[in-house]
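Accompanying notes for the structure given below.
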Amino acid sequence: MSSVLTCVPPIAELKANNFTCLCTLPKSQQKKITASGKVSIYVRCLSWSHYAFTFRLFSPLVKLLVSHYPQLCLVEDWLYQSPSANSSLGILPPPVPLDPQSVTKAMEDAADKPGRLLIVLDRLMRMPPHQVWPLAAPITASIKCLLQPGVPRKVLDTYRQVWMRLNSLFPRRLWAMSVEGLQPEQPQSKLRKALTEDDIILDPLYVLRCDPRVNRCAPLLQLVIYMLQVYLLSSRTFLSQQMQNTPLVNTPHTPVGGNTTTPPQALEEEREKLRGALVLTQESAAVQILLEACLMNSDEKVGTLTDGAGALTLQEIRSVACSFIHQAFLKDTTLAKLVHFQGYPGELIGPVVRGVPSMHIAIGLNWIPELLQLPDLDKQMFAVELTSHLALQNAMPSTLSISRLAINTLATLLSVLGEEERLSIMEASLPSLVRIGRAFPSLIDDLLHLLVMYGRVGAAHSALSTAPSPHSIAFLDKPDYEEDVACETIPWLRPRKVPQEDSLYARIISTFKELVIASTMTHNLY
């Protein structure tokens, strides 16, 4: 956008051009204009005509730019205002050399000496973008140095601001260099050539094949998602232009081994469907990779998030990813349906429903019933859990109908599945039933009836169990049997584990209590 606005010359340039036009006139006309004292009027007339011509040209140019280069016309770029370095610091930073070697050295020492890099970045913020551009190569080539542990957040935020300023000058070259700089290290035996812009446009997922540490660095992840967005747009536009530049020959197509002919119009429609399927596959793969980045890794699962900083980092990463997913779902509602039919880990359903406001289209477009009708038990349990979270987030009449359908589906599955499948769906659906009851207390009768069925099935399986087991009622207060570590060494004092049926029976009764408290002992009855 900034390059388009530069086509409008400033007032001083207009006046200089007008005087140039005046000097190119014949000398007789110059004498008449100067003698009459109407030089200023002549200049104003030329200036007005120049501006009027520019304004008439501006709108078609922007339309042409949006149609051919949509990646250069993002709303974020139109609304982004680069912060001023003078407003953050009252004094000028100390002078440091700003050659490529010094910038590379400062970025390599970002973890040990962040102050030096912060001074370099602050000086770059005070310079015009065209003077900073010669340093774009070392700035992007050493970007992985910022992923080291111990780099302050101030350094990461300032780097992102410098990157956005460079993005206003030569964005396409900056994107390609940044994607190449974020690629993971390759062993010497697997050396590859540097990525070009054409390579990334053909496969936008190169952007997400970056160093895995980016998934826990929110400022750099924002840059990665920005580049992913622009390259997905570039790929979509490139495929459309390829179809327009290579039209089908206006002759009927005869398939091999057949006597029927396919008209060109049908072939063109098939090409359009294939193009749309390819674009949708790329975007759904990008969403799935971002959802995978929102999962807790092994270190975070063992309890390192208890310090608070790790939990905040994970929450920020999820917020950044959900913001992109929200925009993607709004742009193409079919993408939301495809992603949920593909499925993703159940632990992300809650964060996605809370972090993606456009998830309400799952209710509006009414494709959750289709998900419940799939002949896949995992997909059906995924749909039930998704319905329960949507019920808490969007308590609407349509959500009430879908929740009632989910309850009926569980009751039907309970009567047609085998023993192992019954136990699995009963155990997996208990938390979802509590959430549905909290959102819709009017469904309490259906939920209690279903829990009674669960209890009867669990008691029947417990009674038919061949393994010797204590009665379930003795373990109501301790659904998960706790073993005494001190008794592990004494064989005759070693406790016996409660079988799955008994433990599930105790969980059903505990869920009954939670459901009554959540649905009837609150002030949101209606």
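Scan region 180-225 for GluC sites (Glu not before Pro) in coil per DSSP, keeping those whose Cβ has at most 11 other Cβ atoms within 10 Å, and list them by number. Write down the numbers at each step before the final one.
Numbers: sites: Glu180, Glu185, Glu197; in loops: Glu185.
Those satisfying the criteria are Glu185.
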Fill in: Residue exposure sequence - Met107, Met426 - by fewest surrounding Cβ within 10 Å
Met107, Met426
Worksheet item: Taking Rh as the Kirkwood radius, which is the inverse of the mean 1/r over Cα pairs, what is the Rg/Rh value for region 136-191?
Response: 1.02
Fill in: Packing rank of 111-119, 386-394, where each peptide gets the mean count of other beta carbons within 10 Å, highest leading
386-394, 111-119
Worksheet item: At q = 0.10, 0.12 Å⁻¹, what base-10 log of I(q)/I(0) does the Debye formula yield for region 321-442 when every alpha carbon is treated as an equal point scatterer in vacuo?
Response: -0.28, -0.41
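Please list the three semi-axes, largest first and in whole Å, of the ellipsoid equivalent to region 101-233, using sqrt of 5 times the eigenvalues of its alpha carbon gyration tensor. Mind dumping the intermediate values first?
Details: eigenvalues 103, 62, 38 Å².
The answer is 23, 18, 14 Å, longest axis first.
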Fill in: Cys210, Cys217 arranged by Cβ crowding within 10 Å, fewest neighbours leading
Cys217, Cys210
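None of the figures in this text is laboratory data; all of them are computed from the coordinates on show. Not measured: the values here are computed from a predicted model. Heads up, the Cβs are rebuilt from the backbone with ideal geometry, glycines too, and the neighbour counts pull from every protein chain shown.
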